[in-house]
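The values are calculated or read from the model by the stated rules, or taken from the named source; none is laboratory data. Since the structure is predicted, the reported quantities are computational estimates derived from the model, not experimental observations. Here Cβ is always computed from backbone atoms with ideal geometry, including for glycine, and neighbour counts include all displayed protein chains. Only protein heavy atoms, including side chains, enter the accessible area calculation; ligands, DNA and RNA are left aside. Shrake-Rupley method; radii C 1.70, N 1.55, O 1.52, S 1.80 Å.
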Amino acid sequence: MTGSFPYTMKALEDALAKVQNYGWLFEWGMYLFLLATLGIAIWIFFDSTNKNKGEKALTSRILSIVGVFLIAPAFIFRYTGTFDGVNNLARLTGEIPPIIYPGAINWNVRWLLGGYGPTIALVALLGVIVSIVAVIVYASTVQRARPSTEFMGALNNRFAELERGIGGVASQSTSASVSANSVPAPMSRPASAPSANAGAATIFDKKAPTAATIIERPASGASLRAIAGANTGQAWNLPAQDIKLGRDSSSFIVLSDGKASREHAKLLYNGGNWAVIDLGSANSTYVNEVAISGQQYLNTGDQIRIGDSVFAFTK
């Protein structure tokens, strides 16, 4: 080919040969890549928004968007020019062009002759890899589903309730036996009488319209004391049962902390042992400045942080 037309048949054939191994990507692969990266980006944005964890998912969101945009050059390369453009350019320069390539693949001629085809194909593959990395990052930092933790917590609760129930039955049986053998008549304690144990939980079990029997359940012996945050200075004696911490007014410890969730964490009681679990809060729960990912047992001196609030645990 002569004249002002800058490309020769040999140059076109060489450029085309360089991308033959990547032809599948420009024919159908890039469509699958685009669907995959778009699906990953939409899922990450939707799931993190639904769980109110957009801040934690920021890195994953950015990676997923980058993955989508890395597919774009393949579409530009595929659709912004055709081999007909070469033929038309040859006609404008007065040449009679041959049929350069009769196939249906419409690749951008300038990029093709510049040797960018393989590079663009690799960039599209990189987009898929970046999207997969976004999923891995999201799963490790945000998703962190805890079915096993919740299951173990529920199982521990059931065992604790069963243990307390057995202990209560045994205690009532012993008390009844002692009363029958050594006490002439049961003494009813006035409902207004103060408890000997200030930390005890008092239950009124009404047996008859004119009398009430008082059953006293001692506290667990453990306590929490707020040492930082809006509740600083307050202290709580913990009853021998599971308790919740959060902004919800029904919580045993109501937190005046904007970074705390309504139901943020739960303390589990099991026969004298205490553990803490996070209830899927937005900002996690920390024990001694380490974010817990499951059931964390507590010892005297441990510090529990929820948002800006810090509590010292005493067993």
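Some notes on this structure:
- Filter pass, N52 being part of a helix (DSSP H, G or I) and at pLDDT below 90: no
- Only listed residue being of a type in the set (G, A, S) and over 15 Å from the mean Cα position of the chain (by Cα), chosen from S293, S250, S284: S250
- Of the residues examined, N273 is not one that is under 19 Å from A226 (Cβ atoms) and open to solvent by 60 Å² or more (accessible area, probe 1.4 Å).
- Taken over region 48-67, the criterion of being of a type in the set (D, E, K, R) and either loosely packed, with under 14 Cβ neighbours inside 10 Å or closer than 14 Å to V137 by Cα (or both) is satisfied by K53, E55, K56, R61.
- For region 211-231, the count of residues that are within 26 Å of S140 (Cα to Cα), modelled with pLDDT of 90 or more, among the aliphatic types (A, V, I, L, M) and in contact with a strand residue (DSSP E or B) (Cβ under 8 Å, 6 or more places away or on another chain) is zero.
- Residues satisfying the stated conditions in region 114-137, i.e. modelled with pLDDT under 90 and crowded, with 20+ Cβ neighbours inside 10 Å: G117, I120, A121
- Residues that are free of Cβ contacts under 8 Å to residues at least 24 places away in the same chain and either assigned to a strand (DSSP E or B) or over 12 Å from F311 (Cβ atoms) (or both) do occur in region 229-239.
- Any hit, region 293-303, residues being in contact with a Lys or Arg (Cβ under 9 Å, 6 or more places away or on another chain), outside any loop (DSSP other than H, G, I, E, B) and not polar (S, T, N, Q): no
- Unique residue being open to solvent by 70 Å² or more (accessible area, probe 1.4 Å) and closer than 22 Å to D248 by Cα when the list is D278, D308: D308
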